[in-house]
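Step one of this worksheet: look at the structure below.
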Amino acid sequence: MERKNVLVPEADIARQWDFEEKIRAMFAARQAHPAACVDTFGCQQNVADGQKLMGMLESCGFTFTQDPKEADLVILNTCAVREHAEQRVFGNLGILTHTKRENPEQVITLCGCMAQEERVSRRVKESYRHVDLVFGPHALWKFPELLWQVYETRKRVFAVDDEHGTIAEGIPVVREKGVKAWVSIMYGCNNFCSYCIVPYVRGRERSRDPQCVLQEVRELIEAGYKDITLLGQNVNSYGNDLELGYDFADLLADIDQIPGEYLIRFMSSHPKDATKKLFDTMARCGHVAKQLHLPFQSGNDRVLKEMNRRYTRAQYLGLVNYAKSVMPGLVLTSDVIIGFPGETEEEAMDTVSLVEEVGFDALFTFIYSPRPGTKAAAMPDPASRQEKQKWFDKLLEVQNAQSAALHAAYVGKTVRVLVDGESDDGAYPLASRTEGNRLVRLKGDKALIGRFIDVKVTDSNTWALYGEPV
Ligand code: SAM
Ligand code: SF4
Ligand code: F3S
């Protein structure tokens, strides 16, 4: 990939401000106060994209509502990773025919990963004629221009060209209130795991300039954010395309130099690119949370090969053992797929045994979902849904017992947490997170929100810890 072609020129970004101004002026002339409803599905990358959409909308003069019936503009920012996520979006699109009938001026937008799939944009074009605007992740930066085009022409607009992707700096962001912030440090994926749609919809890997990342993190810390997560599909390959001899561990070490009281996390890490240098850097840097999300997907070497993951069970275990040795108390989480095409019960049980061997604090578990266009979708898949469900239930049983045991070991201990908001549990009105990102429901006053405090853990279950400030 030619790195010089990756950055969207500043002048093109600046041109978007003109479109934002046009949209603002159009509503001002009508003395209208437009509201937008932005509904985001999928991973944190998509959440971060949703915050950019809101930033651009705010610049266009929009306020926000959660209710599509009240909205002048509805945006579904979608995920394509599993079939279920797609079905939900088509269901929601169906419901929007009613809101549009009530308010024919309403503009309905489909964006995100699903929109980038040719199969999806064709279906929307043909069968969901109330949708006005469709654009994929590659066109996110020119959203104001696309929206203006809809308002000006009153024609449907589709911006879904397949491309390797760009990097757009300087897009405004509306962040969640509070202490947590997301920072994308790279976009796209080059790995083509055989089951996964992401490389097809998010383009090739491209890393942001380290100075841009450092500047953004510095600004967030100055603005009071205390729990900052660096995002990428595989942060361990950060910098490969920059050819600066600067890698993800170097970026972490540089961020760690920024003064202040804050934690840095990151996700996701691909085991094939995780290095001892990364773990040594994590161990050494005080601001870097001792928490690692390292998806292994399967504990069986044949399945890992078919998945095109490019590591073995033994290599994965070697990495985890090294990471634990340099970071005692490391909190480990992972992603797992059960029921990959051709997986046998014995192979699925290798995944369960890996879970038993490692002792993850939590797991994100998925039953394989075929994604049209990926290599795995064309593989024979003889196991029935019931069989896969049985293996999946076994995995959950083992993991839940493990999470409960690891959580129980906290009881009686004093841990440092960041109080990050209110909890939905009346007896424990505050929510907080340990450095390892474990949820601790807390007794205490709302005035503690936003502060790092020491708490005594008094109780636990599979999902959370309970405690009180000491
Ligand atoms: N880039 C991250 C990595 O490789 O660790 C993962 C990103 S993916 C959006 C999140 C998780 O979704 C994956 O780790 C995998 O477990 C799961 N996933 C991806 N494709 C899937 C599929 N076709 N069926 C079921 N789960 C899938
Ligand atoms: Fe998908 Fe694999 Fe890329 Fe993760 S590394 S986004 S699982 S292709
Ligand atoms: Fe994320 Fe879903 Fe796209 S998991 S990258 S929003 S396909």
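Backbone N atoms of the stretch 12-45 closer than 16 Å to the 7 Å Cα→Cβ label point of residue 152 belong to residues 12-27. Measuring between alpha carbons in the structure, the pairs from 276/305; 272/324; 324/456; 277/456 lying more than 27 angstrom apart are 277/456.
In a reduced charge model with +1 at each Lys and Arg Cβ and -1 at each Asp and Glu Cβ, the stretch 156-211 shows a dipole moment near 280 debye about its Cα centre.
Classification of the stretch 256-312 by its C-alpha gyration tensor yields a prolate form. The axis ratio a/c (a ≥ b ≥ c) is 1.5 or more, and a/b outweighs b/c.
What residues of the stretch 252-274 lie in the reach of a label at residue 218, counting those whose backbone N is under 12 Å from a point 7 Å from the Cα along Cα→Cβ? Label zone hits: 255, 257-259. The 3J(HN,Hα) values that the Karplus relation (6.51, -1.76, 1.60; θ = phi - 60°) gives for the stretch 24-40 are, in residue order, 4, 5, 4, 5, 4, 4, 8, 6, 9, 10, x, 10, 10, 10, 10, 10, 9 Hz. Gly and Pro appear as x.
Is the C-alpha gyration tensor of the stretch 273-377 telling us rounded, prolate or oblate? Criteria: a/c under 1.5 is rounded; beyond that, a/b larger than b/c is prolate, otherwise oblate. Prolate is the answer for the stretch 273-377, as a/c is 1.5 or above and a/b outweighs b/c. Look at the alpha carbon pairs under 8 Å that are at least 6 residues apart: their mean separation over the length of the stretch 297-419 gives a relative contact order of 28 percent.
Helical content alone sets the calculated 222 nm signal of the chain at -11500 deg cm²/dmol, taking -39,500 (n - 2.57) per DSSP H segment of four or more residues and averaging over every residue.
Placing unit charges on the Cβ atoms of the charged side chains and taking the dipole of the chain about its Cα centre, the candidate lying farthest along the positive direction among 440, 409, 399 is 399.
Along the axis of the charge dipole computed for the stretch 20-166 (Cβ charges of +1 for Lys and Arg, -1 for Asp and Glu, origin at the Cα centre), the listed residues 46, 165, 35 are led at the positive end by 35. With Cα atoms defining each centre, the stretch 238-273 and the stretch 66-137 are spaced 35 Å apart in the structure. Full extension of the segment from residue 69 to residue 11, taken as 0.36 nm per residue of separation minus the current Cα-Cα distance, would add 17.2 nm.
Evaluated with a Cβ-only charge set (Lys, Arg +1; Asp, Glu -1), the chain carries a dipole of roughly 340 debye about its Cα centre, given to the nearest 20. Going by the alpha-carbon gyration tensor, a ≥ b ≥ c the square roots of its eigenvalues, is the stretch 38-116 rounded (a/c under 1.5) or, if a/c is not under 1.5, prolate (a/b greater than b/c) versus oblate? Oblate is the answer for the stretch 38-116, as a/c is 1.5 or above yet b/c matches or exceeds a/b.
Fully extending the segment from residue 123 to residue 161, taken as 0.36 nm per residue of separation minus the present Cα-Cα distance, adds 12.1 nm. Ordering 421, 59, 130 by Cα displacement along the dipole of the chain toward the positive end leaves 130 in first place; charges were set at the Cβ atoms of Lys, Arg (+1) and Asp, Glu (-1).
Dipole check for the stretch 61-105: with +1 at the C-beta of Lys and Arg, -1 at the C-beta of Asp and Glu, and the Cα centre as origin, the magnitude is about 140 Debye. Axis of helix 118-127 versus longest Cα principal axis of the chain: the two differ by about 40°, to the nearest ten degrees. For the stretch 173-321, DSSP calls about 15 percent of its internal beta bridges antiparallel.
With R₀ set to 25 Å, the beta-carbon distance separating residue 324 from residue 414 gives a calculated FRET efficiency near 0.65.
For the stretch 167-240, relative contact order (Cα pairs under 8 Å, six or more residues apart, normalised by length) works out to 44 percent.
Working from label points 7 Å from Cα in the Cα-to-Cβ sense, the residue 461 to residue 305 distance is 4.4 nm. Summary value for the stretch 119-268: 20 percent relative contact order, contacts being C-alpha pairs under 8 angstrom separated by 6+ residues. Relative to the current alpha-carbon distance between residue 404 and residue 468, full extension at 0.36 nm per residue lengthens the span by 21.1 nm.
Only the coordinates and a few stated rules stand behind these numbers; no lab work does. Every value quoted in this text rests on a predicted model; they were computed, and no experiment measured them. All Cβ positions, even for glycine, are placed from backbone atoms using ideal geometry, and neighbour counts span all protein chains on display.
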